[in-house]
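Coordinate-derived values only; no laboratory data. All figures in this text were calculated on a predicted structure; none of them were measured in a lab. All Cβ positions, glycine included, derive from the backbone under ideal geometry; neighbour counts span all protein chains shown.
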Amino acid sequence: MKKEMSVWLAVIPILVLIGAASMSVFVWKAGMHMPLLIGIFAAAIVASLSGFSWRDIQDMMINGVSRALPAVFILILIGIIVGSWMASGVIPSIIYYGLSIIHPSIFIPIVALVTGIVSVTLGSSFTSIATVGLAFMAIGEGLGFPAGLVGGAVISGAYFGDKLSPLSDTTNIAPAMAETDLFSHIKHMLWDTIPAFLISLCLYWFVSNTQAVGGTVDSGMIVDIKRGLSEIFVIHPLLLLMPVFTIVLMMFRVPAIPALAGVGMLGAVLAVLVQGMPISQIMQVMTSGFSLESEIAAIDSLLNRGGLTSMLGTVALLLLATALGGILEESGSFEILTRKIMARVTSTGSLITSTILSTFVVAFASGAQFLAIILPTRTFVSKYKEMNIDTKNLSRCVEAAGTVGINLVPWGVPAVFAASMFGISPGQFIPYAFFVFLVPIINIIFGYTGWTITKKNYQVPVKIEMSKGMQSIE
């Protein structure tokens, strides 16, 4: 017999997940796959103790995973696009022209801007941090800027791009979980992302001008990267039209899967026409990713990525997270934990704030972006519909806290990854990650002012049967 679980029982899967995630990140160095699997086992045991059969639990996992299937296909297409855009010279051209606009007097704002451009193109904050981010850290050290300041600017740019790129995994997962479409989601995020990034650039300009700069620019790394790119690829400004074309498709609300498939295939065509690559090689690149062995290690690090198979680890992470989310959602575990928060929701402002706070709770508990996006989204989606508030507001909020705000969690996967890349502690760059602070704050302001909050009537028309001879009305 099913019974409502107690708060103490409901919190067990979260505590187990926190413990496993902490051990995995700090001790095992094994990523988040095993912690999520351990969390699934814990959630299944708790559900079983509450009277659910194994078939019930299995159905919970299946229902959770089924909601993520559109995102799975999109992630596969993203891997194909990154490979074809590498082969066509689109991404190399963006990196080339991005590195060309660096100037010492505006170095810190440029760090955020160029990293943002690269991140939008790649759809990956981690890739941007590990490539151009590392280059900027070295250049900033030569200029005499504090490592934390440069790192904060890299983080802001990387997650600006990650948040808006249609190639980003989290940007695809959020609308899929919130039952809205990708391009409406991205367009709606412009309202919080662009102001937050512009304010961040202004702050970086102000802060950078107050720092003592005692070094000189060691531009050798930038020169080597640009020279290497121009020797390997045909670099041309017209190739920059590919990202513009993708944005145009987004503006015209072309469905995500055909749009992404189209730009992926177009990248393959450009690889043949512009770079002269054989079709057989392009097929290999789109399957296994772009591979290059040059004399410049930084170029290899920038370009050797992409391909369908590169996304399989992310797909596995998504499937595990959604399976866990399905159990926690349908067994009532997460609902019990958030019930008191939901009870206080009486207005749009309190709904937006509660969404962001709940997302931060999961972020601080698990340190995992996917879970921080999936659990609150599935919990709050019915509340948004009940209040006739478009669920793209929900997806925007969970991205604000789950994709971007999670960088405020020192033990979270994004912060730990960045710290390992930069060689500094999270406490050094978090205070300078202005964009990370601003995005959630702006969303809360929007919630209480009502500005940019889109309404939508989710009420289902009810048919009232009239007496014989009269038509039913809706």
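Some observations on this one:
- A simple count of charges around SER350, restricted to other residues whose Cβ falls under 14 Å of its Cβ and scoring Lys, Arg +1 and Asp, Glu -1, yields +2.
- All-pairs alpha carbon distance profile, the chain, 10 Å steps from 0, percent: 4, 20, 29, 26, 14, 5, 2, 1, 0
- The sum of -39500 (n - 2.57) across all DSSP H runs of n ≥ 4, divided by the residue count of the chain, sets its helix-only mean residue ellipticity at 222 nm to -22000 deg cm²/dmol.
- Cα long-axis angle, helix 90-99 against the chain (0 to 90 degrees, to the nearest 10): 60
- Near LEU328, once Lys and Arg are set to +1 and Asp and Glu to -1 for all other residues with Cβ below 11 Å from its Cβ, the sum equals -2.
- Rounded Å value of the spacing that divides the Cα centres of segment 267-337 and segment 352-384: 25
- Ranked by the mean number of other Cβ atoms within 10 Å of their residues, highest first, the peptides 59-71, 270-282 come out as 59-71, 270-282.
- Set LYS29/LYS340; LYS163/LYS455; LYS163/LYS226; LYS29/LYS385; LYS29/LYS392 screened for pairs whose C-alpha atoms are more than 32 Å apart: LYS29/LYS340; LYS29/LYS385; LYS29/LYS392
- Its residue count N fixes a reference of 2.2 N^0.38 Å for segment 69-311, and the Cα radius of gyration divided by that reference is 1.00.
- The chain - charge dipole about Cα centre, Lys and Arg +1 at Cβ, Asp and Glu -1, debye rounded to 20: 1080
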